[in-house]
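The next block holds one structure in the form of structure tokens; read it before the comments.
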Amino acid sequence: PSGDRPSLSHTHTHSARVLEAFSKAPATQLSAMDSDDDNVEETVEGPLDEDNQPDGFCKVTYSSSDRFEGHFIHGEKNGPGKFYFFDGSTLEGNCVDDALQGQAVYTYEDGSSLHGTYIDGQLNGIAHEYDSEGQLTFGGQYKDNVRWGVCWMYFSNGGCLVGEVNEDGEMTGDKIAYVYPDGRLALLGKFVDGEIIEGHLANLKCVTEGKPQFELVPNGPIYSLDKSTSFCISTKCLLPDPYENERVYVAESLIPNAGEGLFAKIEAEPDTVMAFYNGIRITHQEVRSRYSREDTKKSAGPFSSIFKDATWK
């Protein structure tokens, strides 16, 4: 399966931020800010009660450079509020007795976001995650800040991974599936942290309450991870991709002296993924040593010639 694989790194960052945010000591008056404890506030802007505790809408800046703006009742966060973390990420929701409760949105520094339900300051229940352009990248559940149960992870090419995650919230197990962009064809089998180890061709028959039902294709081939290297595109070059096999074929190009070309077997709507481009994986340094300066300008990212999707225009 190709396409950018959704990462768990954001999830780990979110969990750490939530725990950090709600482990901070209740706000105290400004005269108590001389402590070396990173959890003690540096400044409190807003009304204080008779015990010099924040009471009402306050802005609290911590010595870690994190900031909270929201409502307090006698030093505890109560009501709507928003954390602004030092790295540019934010967490906005409603607090009850100093703990986040109900619907909240965590926005990462790159603009991607996590929308979920919090119970006593921890993410529990249905959650959805989106990239910086608002495209869905994850749908499923969390339990105590960790992905739980049957989860869906969506790729930019239209495909997705689905299955029951392990105790660490990873797509690891014997009944994980990669579903192709058509939403029908799938590779069902063993995956480790979202990478296929051994998969069998299957069809997605239906989805009931978020749980997919697959039907294996009899006598189908077995697929496994076959990453390209700097010198080898594939060790199984003659194993056809089932998705591509239904949509494209190779024949002599209609352009004179152009060799072979790729042709569509079926009619397709605009922006339909028809095939997946593979290539050798080389660093920028290798690009510069192998190819001309003009070719080098076309490379992007830390590696070049990595999986890209052929989209019908």
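The values are calculated or read from the model by the stated rules, or taken from the named source; none is laboratory data. Just so we're clear, the structure is a prediction, and the values are computed from it rather than from any experiment. Here Cβ is always computed from backbone atoms with ideal geometry, including for glycine, and neighbour counts include all displayed protein chains. What goes into the accessible areas is simple: the full protein's heavy atoms, side chains included, and nothing from ligands, DNA or RNA. Shrake-Rupley method; radii C 1.70, N 1.55, O 1.52, S 1.80 Å.
If we scan the stretch 181-192, do we find a residue that is open to solvent by 60 Å² or more (accessible area, probe 1.4 Å) and of a type in the set (A, V, I, L, M, F, W, C)?
Residues of the stretch 181-192 that are open to solvent by 60 Å² or more (accessible area, probe 1.4 Å), as a first pass: 184, 190, 192.
Subsequent filtering for residues that are of a type in the set (A, V, I, L, M, F, W, C) retains 192.
The answer is yes, given that some residue of the stretch 181-192 is open to solvent by 60 Å² or more (accessible area, probe 1.4 Å) and of a type in the set (A, V, I, L, M, F, W, C).
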Worksheet entry | Any pair with Cβ under 7 angstrom, 6 or more apart, that starts in the stretch 202-214 at a residue that is on the phi < 0 side of the Ramachandran plot and ends at one that is outside any strand (DSSP E or B) and of a type in the set (A, V, I, L, M) | Ala202/Val217; Asn203/Val217
Discussion item. So Thr28 ticks every box in (1) modelled with pLDDT under 95; (2) of a type in the set (S, T, N, Q); (3) under 30 Å from the mean Cα position of the chain (by Cα) but one. Which box is left unticked?
Written reply: (3)
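Out of Val150, Val105, I need the residue that is surrounded by fewer than 21 Cβ atoms within 10 Å (Cβ to Cβ), among the aliphatic types (A, V, I, L, M), under 15 Å from Glu92 (Cβ atoms) and modelled with pLDDT of 95 or more. Which one? Lay out the reasoning, then the answer.
Working: Val150 fails: under 15 Å from Glu92 (Cβ atoms).
From the options Val150, Val105, the qualifying one is Val105.
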Worksheet item: Out of the stretch 266-280, which residues are closer than 26 Å to Leu185 by Cβ, buried (at least 16 other Cβ atoms within 10 Å of the Cβ) and modelled with pLDDT under 90?
Response: Phe276, Asn278
Worksheet entry | Among the candidates Gln135, Gln122, residue that is farther than 27 Å from Gly81 by Cβ and of a type outside the set (Phe, Trp, Tyr) | Gln135
Worksheet item: For Leu136, are the conditions met, namely being surrounded by fewer than 19 Cβ atoms within 10 Å (Cβ to Cβ) and either in contact with a strand residue (DSSP E or B) (Cβ under 6 Å, 6 or more places away or on another chain) or under 16 Å from Val207 (Cα atoms) (or both)?
Response: yes
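Hey, among Thr311, Thr283, which residue is open to solvent by less than 100 Å² (accessible area, probe 1.4 Å), under 25 Å from Asp182 (Cα atoms) and modelled with pLDDT under 90?
Numbers: Thr283 fails: under 25 Å from Asp182 (Cα atoms).
None of the others qualify; the one that does is Thr311.
Which members of the stretch 196-207 meet the condition of being closer than 13 Å to Ser224 by Cβ and surrounded by 17 or more Cβ atoms within 10 Å (Cβ to Cβ)?
Here is the first cut: in the stretch 196-207, the residues closer than 13 Å to Ser224 by Cβ are 196-201.
Scanning the stretch 196-207 gives Ile196, Gly199, His200, Leu201.
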Practice prompt. Determine which single condition Pro181 fails, assuming it passes every other condition in (1) modelled with pLDDT of 95 or more; (2) in a strand (DSSP E or B).
Written response: (2)
Discussion item. Based on this model, can you work out whether Leu100 counts as in contact (Cβ under 8 Å) with a residue 24 or more places away in the chain and closer than 29 Å to Ala177 by Cβ?
Written reply: no
Discussion item. Being out of contact with any Pro (no Cβ under 7 Å at 6 or more places or on another chain) and acidic (Asp, Glu) is the filter here; which residues of the stretch 67-97 pass it?
Written reply: Glu69, Asp87, Glu92, Asp97
Worksheet item: Quick one: would you say Leu48 is of a type in the set (A, V, I, L, M), touching a residue at least 60 places away in the same chain (Cβ under 8 Å) and surrounded by 15 or more Cβ atoms within 10 Å (Cβ to Cβ)?
Response: no
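One line per residue, one yes/no per condition, for (1) surrounded by fewer than 21 Cβ atoms within 10 Å (Cβ to Cβ); (2) within 23 Å of Thr208 (Cβ to Cβ); (3) not charged (D, E, K, R):
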position	(1), (2), (3)
His74	yes, no, yes
Gly88	yes, no, yes
Val96	yes, no, yes
Glu109	yes, no, no
Asp120	yes, no, no
Ile126	yes, yes, yes
Gly159	no, yes, yes
Worksheet item: How about the stretch 244-265: which of its residues are assigned to a strand (DSSP E or B) and open to solvent by less than 40 Å² (accessible area, probe 1.4 Å)?
Response: Val248, Ala251, Gly261, Ala264
